[in-house]
Amino acid sequence: MEIKADLCIGCGQCVIICPVQAIKLIDNIAVIDKNLCVECSICKRNADCPVNAIRSRRLKWPRVIRSPFSDVISTHRLTGIPGRGTEEMKTNDVTNRFGVDEIGFSIEIGRPGVGTHLGNIELFTTKLTSIGVNFERESPVSALLIDDSGHIKKDIKEERVLSAIIEFKVPLNKAILVLQAIKQIEKNIDTVFTVGVISQVMKDGAIPILDLLTQQEFSVRPNAKVNIGLGKV
Ligand code: SF4
Ligand code: SF4
């Protein structure tokens, strides 16, 4: 994203709206920090710039990868899914992605206000690969993996995005290894992340993963969601 300095009148509307604080007023002119900007297009779409000074430009590799992980309107080319490229676990009930003895995980790295560089993905994917998880094929993060060790391309590691979601599943007996790995990574990572866990509820109402989460000192906030109209397999 670019701001035409000769047009800007320093109203500050774009400064307030940028989700990663990448825009500052310098001598009453808005300036974008290119390193912090995640190319989400929110300033262009929503700042209502009174002089139309905010302009998008054609992005080149590797910078172009910022947009689909940050702009909720862009459709991710790797999956054809808008909204940062993943349906996450929403369609689980109708696609039977997760069986009785399987646990699904989603780890969202970064959030509005913080963001992340893509190198943080590798902290998780290399460790998870060594555990033997099954990465979700329909996830854009899975498509970034370039080898059997969970590495991503070197030239995208410094690219900043709003957030990236790693999705995978493991047999129930390996879930503890995943939780322990997450606790380790927490000590080294330089941004925020959120862990989502999905499991079937047993006929007697038990949810096996709950005990494991508590033992590993994760604070649990159970969520349930009813999606009407997803009955397409
Ligand atoms: S494109 Fe997004 S991150 Fe970049 S300056 Fe605009 S609002 Fe901020
Ligand atoms: S909204 Fe437009 S005029 Fe106002 S500070 Fe941003 S670029 Fe400048």
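Annotation note: of ASN28, ASN35, the sole residue that is more than 11 Å from ligand 1 (Cβ to nearest atom) and of a type in the set (S, T, N, Q) is ASN28. Residues of the range 147-187 that are over 18 Å from the mean Cα position of the chain (by Cα) and within 12 Å of GLY119 (Cα to Cα): LYS154, ASP155.
The set of residues from the range 172-188 being more than 17 Å from VAL100 (Cα to Cα) and surrounded by 15 or more Cβ atoms within 10 Å (Cβ to Cβ) comprises LEU177, VAL178, LEU179, ALA181, ILE182, ILE185. Of all residues in the range 8-23, those that are on the phi > 0 side of the Ramachandran plot have Cβ atoms under 7 Å from Cβ atoms of residues that are buried (at least 19 other Cβ atoms within 10 Å of the Cβ), 6 or more apart or on another chain, in GLY10/ALA30. Restricting the range 1-19 to residues that are loosely packed, with under 14 Cβ neighbours inside 10 Å and of a type in the set (D, E, K, R), the residue that is farthest from the chain's Cα centre (by Cα) is ASP6. Report yes if ASP155 is part of a loop (DSSP other than H, G, I, E, B) and in contact (Cβ under 8 Å) with a residue 24 or more places away in the chain, otherwise no. Spelling it out, it is not the case that ASP155 is part of a loop (DSSP other than H, G, I, E, B) and in contact (Cβ under 8 Å) with a residue 24 or more places away in the chain.
Applying the condition of being among the hydrophobic types (A, V, I, L, M, F, W, C) and in a loop (DSSP other than H, G, I, E, B) to the range 50-93 and asking which residue is modelled with the lowest pLDDT yields MET89.
Inspect all residues belonging to the range 119-138 and state whether any of them is part of a loop (DSSP other than H, G, I, E, B), under 17 Å from the mean Cα position of the chain (by Cα) and within 18 Å of SER67 (Cβ to Cβ). Checking the range 119-138: not a single residue is part of a loop (DSSP other than H, G, I, E, B), under 17 Å from the mean Cα position of the chain (by Cα) and within 18 Å of SER67 (Cβ to Cβ). With respect to being free of Cβ contacts under 8 Å to residues at least 24 places away in the same chain and either outside the structural domain of VAL38 (by TED's automatic domain parsing) or among the acidic types (Asp, Glu) (or both), ASP211 fits the description.
The values are calculated or read from the model by the stated rules, or taken from the named source; none is laboratory data. Since the structure is predicted, the reported quantities are computational estimates derived from the model, not experimental observations. Please note: Cβ atoms are built from the backbone with ideal geometry, for glycine as well, and neighbour counts cover all protein chains shown.
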